[in-house]
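J.: Here it is, the structure, as structure tokens.
The values are calculated or read from the model by the stated rules, or taken from the named source; none is laboratory data. These figures come from a predicted structure and were not determined experimentally. For neighbour counting, all protein chains shown are included, and Cβ atoms are generated from backbone atoms with ideal geometry for every residue, glycine included.
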Amino acid sequence: MSQIIVSGGKRLQGSVKISGSKNAALPILAATVLIDESVTIKNVPELRDVNTMLSILQRIGKKVSFEHGVVRIEPGDIIVGTVPYDLVGKMRASFNLFGPLVMACGWAKVGKPGGCNIGQRPVDYHIEGLKQLGIKITEEHGDVHGEIPDMFKSHIEYTLPFRSVGATEQLMTTAALMKGSKIVIKNAAKEPEIVDLQNFLNKAGARISGAGTDTIRIEGVEKLKGTEYRVIPDRIEAGTYLLAGVITRGTVIVEDVVPDHLTALLNALNMMGVKVEIGKNSVKVEASGKLKPVHVSAEPYPGFPTDLQPILTAVLTTVEGESVIEELVFENRFGYVDEINRMGAQIKVKDRRAYIKGIDKLSGTDINAPDIRAAAALVIAGMAADGETTVHNAGHIFRGYEKLREKFMALGAYLRVYPDEE
Ligand code: UD1
């Protein structure tokens, strides 16, 4: 079990280059199943979740290489439609392979991802949507079986019950190869990662429009061709370094970002009184004066991102006055609150709201990380605390942050990782 030991009290100063987006790379890699020519994806972060996705692609028959952020995928001799459960269990995003596998092989069998620490996270919207696309689906012993229909329907319109990121991606990717079909997905998620998936698929020859709005239109094509594509920067990683700058009352610049993707966070920081400077591909924050409490609600994009909710909450524990954070995406994403309260924070959770009373200084202690973003929140809380903070079960963090220790140390933080950084 990994531990991260953070020495508190160091003001972060400097700039950090942001990696490619994990949440954009994963669905793009899943979509490569649809293409039986060479595909090159650049700016892919070297992370545990990416390695899991690449292992799955290899196990189903693709030839894969990954070096210096560049993934090359060559078609194998055969593609099998089964994703082994040990790999689905490791990462929910592996369910994104289900629809593409049905389209590529004619059938697929994928284990249903289980619950996780931030809520139930079922795949019912994926399954219902795929059924609407005409995929024949049965469920047996925790596996989902799918079969391609004999004929594609000419017009399909489906309204998602919630703006689910994964379900929107699943339906867009699957529909891309439904030749002769016109498919409209309504109440689609609008996240930048969905726009990136559309851009990738269109570069490979798909005909998709509307990503970034709540209505996505797909005209199915017969075949996708090999292509080269560069993944967008990781807005959640960028947000984490900016918030680490703020919690330590330092000055941090994130480089190689798309500032527009960070609007909800930057609005919140402005309301708190943080000085924000936006460049073409960079954002600078400076948190020197007294900060103000805020009321922020985590919602689907363009709302404040749920993945930064625990990290913003950590910052607000150090801001005098009462802040309120509402979580409207996941029903149970306050699992880290008891842990951060062990550091002296004063947070009370009621229903989907956290009420945070800012204190002068957190104190370093032993705490346990329940999930990836909570781990990041606890690590940056440690940076602002007196003494040393040991974050146990911290391995989650390597699912989402490339070269975490190196990047934080370059900004002036001090942390040790045991066993060695993954
Ligand atoms: C993606 C991101 C994750 C982020 C989340 C919300 C990836 C790899 N992960 O996850 O980092 O926190 O978007 O921005 O991109 N739901 C259902 N049934 C479904 C699908 C979803 O009930 O079939 C619920 C979920 O339990 C959750 C909500 O809908 O409460 C949103 O989930 P969704 O947007 O699908 O998140 P993911 O795609 O899993």
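J.: Hey, does the range 22-36 have a residue that's within 16 Å of the ligand (Cβ to nearest atom), surrounded by fewer than 22 Cβ atoms within 10 Å (Cβ to Cβ), under 19 Å from the mean Cα position of the chain (by Cα) and assigned to a helix (DSSP H, G or I)?
T.: The answer is no; no qualifying residue exists.
J.: State all residues of the range 177-200 that are more than 16 Å from the ligand (Cβ to nearest atom), β-branched (V, I, T) and in contact (Cβ under 8 Å) with a residue 40 or more places away in the chain; if no residue qualifies, say none.
T.: Once the filter is applied, which keeps residues that are more than 16 Å from the ligand (Cβ to nearest atom), β-branched (V, I, T) and in contact (Cβ under 8 Å) with a residue 40 or more places away in the chain, the range 177-200 yields only I183.
J.: May I ask you to say which residue of L26, L12 is of a type in the set (A, V, I, L, M) and not assigned by TED's automatic domain parsing to the domain that holds A175?
T.: L12
J.: Still on this model: Restricting attention to the range 368-397, and to residues there that are under 14 Å from V417 (Cα atoms) and within 14 Å of the ligand (Cβ to nearest atom), which single residue is modelled with the lowest pLDDT?
T.: So, considering only residues that are under 14 Å from V417 (Cα atoms) and within 14 Å of the ligand (Cβ to nearest atom), the one modelled with the lowest pLDDT is H396.
J.: Take D49 and tell me if it is without any contact (Cβ under 8 Å) to a residue 24 or more places away in the chain and part of a helix (DSSP H, G or I).
T.: Criteria not met by D49.
J.: Could you grab the pairs with beta carbons closer than 7 Å, sequence gap of 6+ or different chains, first residue in the range 80-103 and in a helix (DSSP H, G or I), second one among the basic types (K, R)?
T.: R92/R121
J.: Go through (1) on the phi > 0 side of the Ramachandran plot; (2) in a strand (DSSP E or B) and name the single condition Y158 misses.
T.: Unmet condition: (1).
J.: Kindly list the number of the only condition in (1) touching a residue at least 60 places away in the same chain (Cβ under 8 Å); (2) in contact with a Gly (Cβ under 9 Å, 6 or more places away or on another chain); (3) over 22 Å from D214 (Cβ atoms) that fails for G335.
T.: (2)
J.: Which pairs turn up if I take residues in the range 34-46 that are outside the structural domain of W107 (by TED's automatic domain parsing) and look for partners that are part of a loop (DSSP other than H, G, I, E, B) and of a type in the set (D, E, K, R) with beta carbon separation below 7 Å, at least 6 apart in sequence or on another chain?
T.: none
J.: Would you check if there is a residue in the range 283-292 being within 16 Å of the ligand (Cβ to nearest atom) and either among the β-branched types (V, I, T) or over 19 Å from A244 (Cβ atoms) (or both)?
T.: No - not one qualifying residue is present in the range 283-292.
J.: Hey, another quick one. Taking the range 161-171 as the search range and keeping residues that are buried (at least 20 other Cβ atoms within 10 Å of the Cβ) and without any contact (Cβ under 8 Å) to a residue 60 or more places away in the chain, which one is farthest from the ligand (Cβ to nearest atom)?
T.: T168
J.: State all residues of the range 299-355 that are within 21 Å of G289 (Cα to Cα) and either outside the structural domain of V379 (by TED's automatic domain parsing) or in a helix (DSSP H, G or I) (or both); if no residue qualifies, say none.
T.: Hits for the range 299-355 are I311, L312, T313, A314, V315, L316.
J.: If we scan the range 390-398, do we find a residue that is out of contact with any Ser or Thr (no Cβ under 7 Å at 6 or more places or on another chain), within 17 Å of G239 (Cα to Cα) and touching a residue at least 12 places away in the same chain (Cβ under 8 Å)?
T.: Yes, the range 390-398 has at least one match.
J.: R249 - would you say it is surrounded by fewer than 20 Cβ atoms within 10 Å (Cβ to Cβ) and in the same structural domain as T40 (by TED's automatic domain parsing)?
T.: Answer is no for this residue.
J.: Something else: Restricting to the range 66-86, name every residue that is within 11 Å of D36 (Cβ to Cβ), out of contact with any Ser or Thr (no Cβ under 8 Å at 6 or more places or on another chain) and modelled with pLDDT of 90 or more.
T.: none
J.: For T174, work out the one condition from (1) surrounded by 24 or more Cβ atoms within 10 Å (Cβ to Cβ); (2) more than 20 Å from the chain's Cα centre (by Cα); (3) more than 16 Å from the ligand (Cβ to nearest atom); (4) assigned to a helix (DSSP H, G or I) it doesn't fulfil.
T.: For T174, the exception is condition (3).
J.: Can you run down the residue pairs with Cβ atoms below 8 Å, 6 or more apart or on separate chains, where the first is in the range 128-153 and at positive phi and the partner is assigned to a helix (DSSP H, G or I) and surrounded by 15 or more Cβ atoms within 10 Å (Cβ to Cβ)?
T.: The qualifying pairs are G142/Y85.
J.: How many residues does the range 194-216 contain that are surrounded by 18 or more Cβ atoms within 10 Å (Cβ to Cβ), in contact with a Ser or Thr (Cβ under 6 Å, 6 or more places away or on another chain) and not in a loop (DSSP other than H, G, I, E, B)?
T.: 1
J.: State whether one or more residues within the range 99-110 are aromatic (F, W, Y) and over 18 Å from R399 (Cβ atoms).
T.: yes
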